[in-house]
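Throughout, read-outs are computed from the coordinates displayed, never taken from laboratory work. All values reported here derive from a predicted model rather than from experimental measurement. With ideal geometry, Cβ positions are generated from the backbone for all residues, glycine too; neighbour counts draw on all protein chains shown.
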Amino acid sequence: MEPILTISNLTKKFGYLTAVKNLTFTINKGNVYGILGPNGSGKSTTLGIVLNVVNKTQGDFHWFDGNITTHDALKKVGAIIERPNFYSYMTAEQNLKLVCRIKGVDHSKIEEKLDIVGLLDRKTHKFRTFSLGMKQRLAIASALLNDPEILILDEPTNGLDPQGIHQIRQIIKDIAANGTTILLASHLLDEVEKVCTHVVVLRKGEKLYSGRVDEMINSHGFFELKAKKHDELLGALELHDNFGKIKVEGELITAFLNEPMSASDFNQLMFDRGILLSHLVKRKESLEEQFLQLTDNK
Amino acid sequence: MLRLIQLELQKLWLNKASRVLIIISFILPFTVLILSSIKINFFGFFTLELGELGIFNFPIIWHITTFFAAQFKFFFAIVVVSMIGNEYSNKTLKQNLIDGLSKKEFILSKFYTIVFFSLCATLLIGLATFAIGMYYSSYTEASIIFREVDFLLAYFVKLVGFFSLCLFLGVLVKRSAFALGFLFILFIAESIIYGIMKWKINGDIADKIHDLFPLQSMWNLIEQPIQRIIMTKFPDNTDMVYDFAVHWYEIFIVLGWTAIFVFFSFFLLKKRDL
């Protein structure tokens, strides 16, 4: 696989605070990556470093095969960080022209990219008249101007209304479908779950996991159970070797599996002990639950 | 280089405030020239006609026009500090860097624009002075006309130096208003330090050190011409004699400061996390 971004042992300290700690991962061509982590976990700092706006303290990173300077590499990258930052007194078109000048791209792409994000009819309007959703879409258009090999999005749906969120996600999916590599930083887990194939999980600047989304935790899932004989069920679960953590919320008991076990086997087992279940669901953790488990354990 | 100037000019020209300030800073120096060429009639008692005072004679006119035009550099100074301040407050600086502009290119695009503007201002004032001089001057031999044309070079260097200082202050404090405040503080600080030096050390050394200070060195490039005008009227009065010429070392000092300011602007920006 062709690497696009290689980060090795990257560290960033702000005074006493270590924002990124010894981080190592690789972004390969063609996948959609998510960087997950709670607020303040070092996502934006990491992206800031590879985008040349934050100075690293230690470690290294290189773009593509490493034979290209970061400055030149950024011309093949499209990125949006946090808020859309444009010149408020310029129109959408003028702002994009400026970006074209910076990236050294021809002006001819402007209309095409504005069309992708659905802003073509607003191109002669000043940036300051735009809503947040439109600003964010303009930022995406701007990031796409150079037909980037990788698109980096930092919290692209932050602060948007549901409609705006939906629009942005649709645009991201369309771009991903064209084979563009995407790196999406977010603390919204369902966003990452819906869009990404691979994920890097950060907590307090440290990497907890990197790999495919569906292999994030080797868990055997869990049962959600209800029974009239609540206490007996609880007792039986606690004695059984297959179960690890058990959570009780009112009537509902959630029992996490240590060993693989099918729902019907479990049902049979309980039946044999004279416990009749009124509710039995076997589930795998959602990304959110996996994420919480991952970030809690350490 | 052209790309970087284009980039900055687009940012400046599309902004209404900076466009107005740029136009003003080009036009105002000329209104002074025009005003001074008007005959002022004091209620029929006598007529004051500046043109007749000999101030539009070559070569002194080079000195006078560049000196007065330089006083209007403040308008473009506002543009310079705000072009840095705005980039910080709108976070467009960060966006520019992400889009693929290097920090070096960012500073250079500002610096090139400063040089470009100073060059335009110098050419304009040069042409205007030449035209006015040809019209009023009593002497029009080429050797006299171009004798003190080095004031134009001094004017150019003075503008570039002063705007580079503004650029540096803009990068240093990131806010336009504060940067202008700092400029004023620097002005006061130079006088205070000069005063203390004159008091504690002897006058000559204090003068020499004072001439090395950024604002003073820029001032030294074009000394005030008033004394010189009076001198031409009373040639016998030898107390009035002073050194008003443009010296190579004065230019050198200001160019030195310019290099220091531009380098440190870049250095600061490079060190910073945005």
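So the values come out like this:
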read-out: Residues with amide H under 5 Å from that of A:V20, placed H, sequence gap 5 or more; value: A:K12
read-out: Built amide H within the under 5 Å cut-off of A:A227, gap 5+; value: A:S278
read-out: Which of A:C100, B:C166 has the fewest Cβ neighbours within 10 Å, and the rest in rising order; value: A:C100, B:C166
read-out: Other-chain or far-sequence residues with amide H under 5 Å of A:L5's (modelled H); value: A:I27, A:F64
read-out: Charge dipole of the protein assembly as shown about the Cα centre (unit charges at C-beta), most positive-ward option of A:L252, B:W62, A:V54; value: B:W62
read-out: Relative contact order [Cα under 8 Å, 6+ residues apart], chain B, whole percent; value: 24 percent
read-out: Least to most buried among A:R212, B:R175 (fewest other Cβ within 10 Å first); value: A:R212, B:R175
read-out: Over the range A:3-215, equivalent-ellipsoid semi-axes from the Cα gyration tensor in Å; value: 28, 19, 17
read-out: Listed residue (A:Q293, A:G164, A:A185) projecting farthest to the positive dipole end of the range A:149-298, Cβ model; value: A:Q293
read-out: Length-normalised contact order for the range A:222-297 - Cα pairs under 8 Å, 6+ apart - percent; value: 41 percent
read-out: Burial ordering of A:L36, A:L98, B:L21, fewest other beta-carbon atoms within 10 Å first; value: B:L21, A:L98, A:L36
read-out: Rounded to whole Hz, the Karplus (6.51, -1.76, 1.60) HN-Hα couplings of the range A:79-93, x for glycine and proline; value: 8, 10, 10, 6, 7, x, 10, 9, 7, 5, 8, 9, 6, 4, 5
read-out: Karplus-derived 3J(HN,Hα), 6.51/-1.76/1.60, for each residue of the range A:240-257, Hz, glycine and proline x; value: 6, 5, 5, 9, x, 6, 10, 10, 10, 10, x, 6, 7, 10, 10, 10, 8, 8
read-out: Dipole in debye (nearest 20) - chain A, about Cα centre, beta carbon charges: Lys, Arg +1; Asp, Glu -1; value: 1160 debye
read-out: Between the range A:1-39 and the range A:262-298, the Cα center-to-center distance that results, in Å; value: 34 Å
read-out: Gap separating the Cα centres of the range A:139-218 and the range A:53-105, nearest whole Å; value: 18 Å
read-out: Links that overshoot a 23 Å alpha carbon limit, given the list A:K43/A:K103; B:K94/B:K174; B:K94/B:K270; A:K97/B:K110; value: A:K43/A:K103
read-out: Chain B: angle of helix B:103-136 to the longest principal axis, Cα-based, in degrees nearest 10; value: 20 degrees
read-out: Antiparallel bridges, percent of DSSP beta bridges restricted to the protein assembly as shown (to nearest 5); value: 70 percent
read-out: Acute angle (nearest 10 degrees) that the helix A:230-239 long axis makes with the longest principal axis of chain A, alpha-carbon atoms; value: 80 degrees
read-out: Contact order normalised by residue count of the range A:3-215, Cα under 8 Å, 6+ apart, percent; value: 31 percent
read-out: Rg(Cα) / (2.2 N^0.38 Å) computed for the range B:160-239, rounded to two decimals; value: 1.42
read-out: Size of charge dipole - chain B - debye, nearest 20, with Cβ of Lys, Arg +1 and Asp, Glu -1, no other charges; value: 1460 debye
read-out: Residue-by-residue Karplus 3J(HN,Hα) for the range B:63-80, coefficients 6.51, -1.76, 1.60, Hz, glycine and proline x; value: 5, 5, 5, 5, 5, 6, 4, 5, 5, 8, 5, 4, 4, 6, 4, 4, 4, 5
read-out: Chain A: antiparallel DSSP beta bridges as a percent of all, rounded to 5; value: 65 percent
read-out: Alpha-carbon centroids, the range B:77-133 and the range B:247-263: separation in whole Å; value: 18 Å
read-out: GNM flexibility winner over chain A from A:I35, A:I116, A:I140 (Cα, springs under 10 Å); value: A:I116
read-out: Dipole of the protein assembly as shown, positive end: most advanced residue of B:L119, A:N95, A:V77 [Cβ charges, Cα centre]; value: B:L119
read-out: Dipole magnitude (debye, nearest 20) for the protein assembly as shown, charges at Cβ of Lys, Arg, Asp, Glu; value: 440 debye
